[in-house]
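Working notes, structure below.
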Amino acid sequence: MKDFSGKVAVITGGASGIGRAIGERVAREGVKLVLADVEGAALERTVAELRGAGVEATGVVTDVRKPAEVEALAEKTLSTYGGVHLVFNNAGVGTDETRQMLWQSPENDWRWVLDVNLFGVLNGIKAFVPILLERGEEAHVVNTSSGNGGLFPLPTTPIYAAVKAAVTCVSEVLHAQLLMTGAPVKASVLFPGPHLVRTNIFTAHRNRPADAPYQSEPDAPPPTFDEIKVMIEAAGLPFAVTEPAEVAELAFQGIREDRFWLIPASEDNDARVRERMEGILARENPPLKFM
Ligand SMILES: NC(=O)c1ccc[n+]([C@@H]2O[C@H](COP(=O)([O-])OP(=O)(O)OC[C@H]3O[C@@H](n4cnc5c(N)ncnc54)[C@H](O)[C@@H]3O)[C@@H](O)[C@H]2O)c1
């Protein structure tokens, strides 16, 4: 897609972090925004701030876990702006898995992360792709995965990594199936990074739903950004931060250039991907690494 002016973007998880930054980036190209988020107050605040900066933006409180709410989001988008061209299935959560063995991981943690991070993406695909195909206009779907979603060696966050790996797979299939249709609708998968992105993901438990509560209250709050920094440095890995605006730029340029793999340009990042892929081809047992 080369011409963005007047187009309409839907961004799930648009009230915060990477979703908000994507909204700000595409709005600079003249794109109208529909921001969807489960956190009503943050959504209202974000929409007000964007409107204050002259951006055409609408907020729709949406729980991406619920197909009917994502379908209502699609209807609201069409009734508000008369079209839709960019869909960012970006809403995501993570649980504190750093102190936990896989065989101790609570079922509710799996259910919650699966529901938001995988079913949220699927619900977005099911609600929007038929509309995009039917309209026949140039369009693009971007699903947010993670380097932990199949690219990097031995993640220590099994729930998050397994679910994000599924998002990567689903995105590859979506890309191929859209090509088969011959329609001008493209798909990409976004890998935020190369470093931890400075967002509110580390307090994702603020959106923990009543139907997937903690099974036992954690003995300690999830590690803060600073505690994660200490753990990463203790594992001998360099610590650096990526800003959400950098991820948004990666996503925007990827859509403009019609690239599927939205992986940040970084030697460190590439080295980790190469280590995993070469290790698999060499049939080597995975090394013990922090993430
Ligand atoms: N921050 C990182 O380092 C990083 C790295 C790799 C991937 N990601 C992915 O990037 C995406 C964006 O996360 P972020 O880092 O900007 O975090 P964030 O917490 O700042 O933003 C995520 C947004 O998703 C919303 N959300 C949560 N549950 C929802 C639900 N059920 N329905 C609708 N919205 C919901 C939250 O309210 C929040 O506004 C996620 O998919 C995350 O997994 C982040």
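Axis of helix 267-281 versus longest Cα principal axis of the chain: the two differ by about 70°, to the nearest ten degrees.
Do any of Lys2/Lys66; Lys76/Lys164; Lys2/Lys186; Lys2/Lys126; Lys32/Lys186; Lys76/Lys126 go past 22 Å between their Cα atoms, and which? Write out the running numbers ahead of the final one.
Values: Lys2/Lys66 33 Å; Lys76/Lys164 28 Å; Lys2/Lys186 13 Å; Lys2/Lys126 25 Å; Lys32/Lys186 19 Å; Lys76/Lys126 16 Å.
Table pairs above 22 Å Cα-Cα are Lys2/Lys66; Lys76/Lys164; Lys2/Lys126.
Summing Lys and Arg as +1 and Asp and Glu as -1 over all other residues whose Cβ lies under 13 Å from the Cβ of Arg198 gives a net charge of -1. Of all aspartates and glutamates in the structure, those lying under 17 Å Cα to Cα from Lys7, and not within fewer than 8 positions of it along the same chain, are Glu24, Glu29, Glu56, Glu75, Glu134, Glu137, Glu138, Glu257, Asp258. With the cut-off at 1.5 for a/c, could you classify the stretch 192-231 from its C-alpha gyration tensor as rounded, prolate or oblate? It is oblate, given that a/c is not under 1.5 and a/b is not larger than b/c.
Could you put Ile232, Ile125 in order, starting from the residue whose Cβ has the fewest other Cβ atoms within 10 Å?
Details: Ile232 17, Ile125 22.
So the ranking, lowest neighbour count to highest, is Ile232, Ile125.
Under the shape rule built on the C-alpha gyration tensor, where the axes satisfy a ≥ b ≥ c, the stretch 143-199 is prolate, since a/c reaches at least 1.5 and a/b is greater than b/c.
Restricting the count to DSSP beta bridges whose residues both fall in the stretch 19-154, what percent are antiparallel, rounded to a multiple of 5?
On the way: 0 of 9 bridges.
Close to 0 percent.
What ranking do Lys2, Lys164, Lys66 get, fewest neighbouring Cβ atoms within 10 angstrom at the top? Before the final figure, lay out each step's value.
On the way: Lys2 8, Lys164 29, Lys66 15.
Sorted ascending by nearby Cβ count, the order is Lys2, Lys66, Lys164.
For the stretch 145-204 versus the stretch 64-111, the spacing of their alpha-carbon centroids is 13 Å.
Considering only Leu133, Leu237, Leu118, the mean-square fluctuation computed in a Gaussian network model of the chain, springs between alpha carbons under 10 angstrom, is largest for Leu237.
Across all Cα pairs in the chain, the calculated P(r) in 5 Å bins from zero up to the longest distance comes to 1, 5, 12, 17, 19, 17, 13, 9, 5, 2, 0, 0 percent per bin.
The mean sequence distance of close C-alpha pairs (under 8 Å, at least 6 residues apart), as a share of the length of the stretch 135-225, puts its relative contact order at 32 percent.
For Cα pairs less than 8 Å apart in space and 6+ apart in sequence, what is the mean separation divided by the residue count of the stretch 1-113, i.e. the relative contact order in percent?
On the way: 172 pairs, mean separation 32.5, N = 113.
So the answer I get is 29 percent.
Among 134-140, 5-11, 209-215, sorting by the average number of other beta carbon atoms lying within 10 angstrom of each residue, highest first, gives 5-11, 134-140, 209-215.
Put in line by how crowded their Cβ is, counting other Cβ atoms within 10 Å and starting with the fewest, Phe191, Phe225 read Phe225, Phe191. Contact order for the stretch 8-281, expressed relative to its length and based on alpha carbon pairs under 8 Å spaced 6+ residues apart, stands at 20 percent.
With helices as the sole contributors, the chain gives -13500 deg cm²/dmol at 222 nm; each DSSP H run of n ≥ 4 counts as -39500 (n - 2.57), and the sum is divided by every residue.
Readers should treat all values here as calculations from the given coordinates under stated rules, not as data from a laboratory. Just so we're clear, the structure is a prediction, and the values are computed from it rather than from any experiment. Note: ideal-geometry Cβ built from the backbone for every residue, glycine included; neighbour counts use all protein chains shown.
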